[in-house]
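The values are calculated or read from the model by the stated rules, or taken from the named source; none is laboratory data. Please read these numbers as outputs of a predicted model, since none were measured by experiment. With ideal geometry, Cβ positions are generated from the backbone for all residues, glycine too; neighbour counts draw on all protein chains shown.
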Amino acid sequence: MRQDAASTIGMTTNRNPTIGRDAAIPAARKGLWPWLLIAAVLAAAVVQLRRQGRIWWCALGDANPWSSDVNGPHNSQHLFDPYTFTHVLHGVAFCGIVAWVFPRLPMLWKLCITIAVGYQGDSVVNSLGDILSCGIGFWIAWRLGFWRSVIFFLVTEGILLLWIRDDLLLNVVMLIYPIQAIKAWQSGA
């Protein structure tokens, strides 16, 4: 009777308790591999940045994790700065691209691909903050879905344009084809 009740609600009774535990171990290890890969990529990024001569933290010695002045000497030296939000948008964009290219890949492996693309800021800590921000953007997009991610992307771009006179799309435009009028506007002239 007890076995029938368990099977009617989708449970199975198992007389050998080690079978269930052994079956769960590979699933736990599968979930661990993406996190180990992310840690390895972050460690490799730190090693490579240090080999390039990058400093660990702000050269001026300020211990604040946030730097708000995009034109000041602390920009890209601390854990986070206004460009952190563009790295969140990188994660949103990478989530869409990776989901489109690898539709059947589990989410954690998609996150690994996004993190492995990497980024190099001016200090080691800033680079790690940028990579973390990209991962957060990926997670946000994963949770929001396509259309809400598009809205989030556009709203964030608009806020950045008003706040720091720069955003991800302007970064790309100015990298590919610098426009003097945009450069003058960004500098406040």
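Things to note:
- Candidate set: region 142-189, residues that are in a helix (DSSP H, G or I) and among the aromatic types (F, W, Y); chosen: the one farthest from A99 (Cα to Cα): W185
- Candidate set from region 104-130 (those that are modelled with pLDDT under 85 and touching a Leu at 6+ places or on another chain (Cβ under 7 Å)); member that is surrounded by the fewest Cβ atoms within 10 Å (Cβ to Cβ): Q120
- A count restricted to region 141-159 and to residues that are free of Cβ contacts under 8 Å to residues at least 12 places away in the same chain, surrounded by 13 or more Cβ atoms within 10 Å (Cβ to Cβ) and under 16 Å from the mean Cα position of the chain (by Cα) stands at 1.
- Looking across region 64-96 at every residue that is modelled with pLDDT of 90 or more and aliphatic (A, V, I, L, M), the one that is surrounded by the fewest Cβ atoms within 10 Å (Cβ to Cβ) is identified as A93.
- Per the conditions (1) closer than 22 Å to P65 by Cβ; (2) at pLDDT 90 or above; (3) of a type in the set (S, T, N, Q); (4) more than 12 Å from the chain's Cα centre (by Cα), the sole criterion not satisfied by S133 is (4).
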